[in-house]
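Asks: Mind looking over this structure? Questions follow.
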Amino acid sequence: MTVAERKTSEGPAVLDDKRERRHLPRIGLALTALYVAGLVIYLLVQGQNPADLKLNELGDFLGGVSSPLAFLWLVLGFFQQSREIRLSGKALHLQAQEMRRSVDEHRRLAESKKDRRDA
């Protein structure tokens with residue numbers, strides 16, 4: 001299989017990985033927007049204004065509100081990193097295969113030159 005054939009046969013898989021990488025930030029942004037909208041609606045329905053809180057209460061409120069978002073982005077980062085590690089492993093595997101082919105080709109060329117000199 002030539003390099004061009006390998007590129008075309010692996011093309012859709014590479015494109016799928018790129019699409020998957022774009023989905024995680026979109027999912028994160030959508031969930032963040034949904035969470036913030038739900039929080040705003042909850043505060044409006046309850047009739048509470050965070051600006052009316054004392055400074056220490058405001059800090060507790062912001063810490064409690066932001067921790068689910070931090071956890072969400074931590075999990076999304078974990079999935080992104082695992083996907084990147086998987087892609088890196090695939091790339092290293094392909095590079096090792098190509099190096100083996102190169103070594104085999106050089107060995108074949110060296111043997112053919114040796115055979116010509118011996119003849």
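The values are calculated or read from the model by the stated rules, or taken from the named source; none is laboratory data. Bear in mind the structure is a predicted one, so any value in this text is a computation, not a measurement. Note that each Cβ is placed from the backbone with ideal geometry, even for glycine, and that neighbours are counted across all protein chains shown.
Asks: Kindly indicate whether any position in the range 84-98 is touching a Ser or Thr at 6+ places or on another chain (Cβ under 9 Å), of a type outside the set (Lys, Arg), touching a residue at least 12 places away in the same chain (Cβ under 8 Å) and part of a helix (DSSP H, G or I). It would help to see each step written out before you state the result.
Replies: Residues of the range 84-98 touching a Ser or Thr at 6+ places or on another chain (Cβ under 9 Å): none.
Scanning the range 84-98 turns up no residue that is touching a Ser or Thr at 6+ places or on another chain (Cβ under 9 Å), of a type outside the set (Lys, Arg), touching a residue at least 12 places away in the same chain (Cβ under 8 Å) and part of a helix (DSSP H, G or I).
Asks: Here is a follow-up. Determine whether residue 58 is under 26 Å from the mean Cα position of the chain (by Cα) and surrounded by 10 or more Cβ atoms within 10 Å (Cβ to Cβ).
Replies: no
Asks: Mind checking whether some residue in the range 68-75 is touching a residue at least 24 places away in the same chain (Cβ under 8 Å), in contact with a helix residue (DSSP H, G or I) (Cβ under 9 Å, 6 or more places away or on another chain), part of a helix (DSSP H, G or I) and not hydrophobic (A, V, I, L, M, F, W, C)? Spell out how you get there, then give the answer.
Replies: Restricting attention to the range 68-75, the residues satisfying the condition of being touching a residue at least 24 places away in the same chain (Cβ under 8 Å) are 68-69, 72-73.
Checking the rest, the ones that are also in contact with a helix residue (DSSP H, G or I) (Cβ under 9 Å, 6 or more places away or on another chain) come to 68-69, 72-73.
When the remaining residues are screened for being part of a helix (DSSP H, G or I), the result is 68-69, 72-73.
Those still in the list that are not hydrophobic (A, V, I, L, M, F, W, C) too: 68.
Scanning the range 68-75 turns up at least one residue that is touching a residue at least 24 places away in the same chain (Cβ under 8 Å), in contact with a helix residue (DSSP H, G or I) (Cβ under 9 Å, 6 or more places away or on another chain), part of a helix (DSSP H, G or I) and not hydrophobic (A, V, I, L, M, F, W, C).
Asks: Next question, about the same structure. Among the candidates 20, 5, which residue alone is within 30 Å of residue 105 (Cβ to Cβ) and modelled with pLDDT under 90?
Replies: Working: 20 fails: within 30 Å of residue 105 (Cβ to Cβ).
Among 20, 5, only 5 is within 30 Å of residue 105 (Cβ to Cβ) and modelled with pLDDT under 90.
Asks: Quick one: which residue in 102, 66 is within 30 Å of residue 35 (Cβ to Cβ), modelled with pLDDT of 90 or more, more than 15 Å from the chain's Cα centre (by Cα) and of a type in the set (S, T, N, Q)?
Replies: Details: 102 fails: within 30 Å of residue 35 (Cβ to Cβ).
After applying the criteria, what remains is 66.
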